[in-house]
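Laboratory data are not the source of any read-out in this text; all were calculated from the coordinates shown. What you are looking at is a predicted structure, and each value in this text was computed from that prediction instead of being measured. Cβ placement follows ideal geometry from the backbone for every residue including glycine, while neighbour counts extend to all protein chains displayed.
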Amino acid sequence: MTASTEMIQDDTVELRSGALRLALRPDMGGSIAGLWHHHVPVLRSTEPHALQQPRLGACFPLVPYSNRLGYRRFRFKGKDYTTQPNFEGSPHSVHGVGWQQPWTLRSHSPLDAVMALQHTADGHWPFSFEALQYFSLTPHALRLQLVVTNTGAEAQPVGLGWHPYFPRRQRSRLHIELSDRWDNDDAQLPTRMVAQPGIDGDVVHLGFDNCFEGWAGQARIRDEKFSLQMSASVSRLVVYTPHDRDCFCVEPVSHVSNAIHMADPAAHGLVTLQPGESTEAWMKLDIAPI
């Protein structure tokens, strides 16, 4: 049998297709616990029952904004708003609210799953929305889609993306076509854009924690185990390559970090949704063993 789906526990779902196994934790921020080819992790992976928090798993959704929201406050449509702390040691709100709330498994089949989140305006995000996550697994690829709908009575700003973690192996290498990099201040907020004619190098020699513009929608991630091709419908990436960790991140996102504080948030990717309106994005990871 080449495809199967399995309910391991009430809060865990697994899809299998060919040699790929995808483990989901709807209850833990709608996150992916792990993605394996046979027994080899494609993303940084934890067995789903052992996952303690989304940030220790394979991937989680970024909704209704990505990266940092500066100093937990913003102004929108002439009104001032604040958000609650959600990330230890940071003066900012980070990665939105979807990763810290339980999602509901709406449906699943041998190769697909759908999760839903109903967010009611609260201290962490002052607007109501619905988010849907779609997961599709084939023998050679994983496809993710996010759809966000404004379920409130007023306009709201929305951005989205994904936060995948990749294992850092001895020969981990990135090849990404880009045009510009946002440099950060001491608080890790973007302050100026400088030319960045792509990334092409071994991860061990990179030191990024930046948002990048002008992404052509393709990224090659290669090591001694896999050749991965990431593609997405968004035009920005956050790349995080810490020297002291056994993983790194290549995050497709729809907007610049902290775009809501910029002079023209729309020009930097934030979308304003009127009541009932939706926005969506997708990413895909093609997987070829070496």
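Just a few scattered comments:
- E277 paired with Q52, simple spin-label distance in nm, labels 7 Å along Cα-to-beta-carbon: 4.3 nm
- Segment 1-136 - charge dipole about Cα centre, Lys and Arg +1 at Cβ, Asp and Glu -1, debye rounded to 20: 640 debye
- Shape class of segment 109-191 from the Cα gyration tensor (axes a ≥ b ≥ c, square roots of the eigenvalues): oblate, since a/c reaches 1.5 or more and a/b does not exceed b/c.
- Listed peptides 152-160, 251-259, 119-127, 74-82 appear in the order 251-259, 152-160, 119-127, 74-82 once ranked by packing, highest mean of other Cβ atoms within 10 Å at the front.
- Placing unit charges on the Cβ atoms only, positive for Lys and Arg and negative for Asp and Glu, gives the chain a dipole magnitude near 280 debye about its Cα centre.
- Working from label points 7 Å from Cα in the Cα-to-Cβ sense, the R143 to D264 distance is 3.4 nm.
- Positive-end extreme of charge dipole, the chain - chosen from Q274, Q133, Q218 (charges on Cβ): Q218
- Estimated inter-spin distance, R171 and E224, nm [label 7 Å along Cα→Cβ]: 0.8 nm
- Packing here is the average count of other Cβ atoms within 10 Å per residue, and on that basis the peptides 240-247, 39-46, highest first, run 39-46, 240-247.
- Segment R73-A153, length gained on full extension (0.36 nm per residue, minus Cα span): 26.7 nm
- Directionally averaged projected area (convex hull, Cα atoms, segment 188-238), nm²: 4.4 nm²
- Overall form of segment 164-290 per C-alpha gyration tensor (a/c, 1.5; a/b vs b/c): oblate
- Segments 166-175, 129-138 sorted - mean Cβ within 10 Å per residue, highest first: 129-138, 166-175
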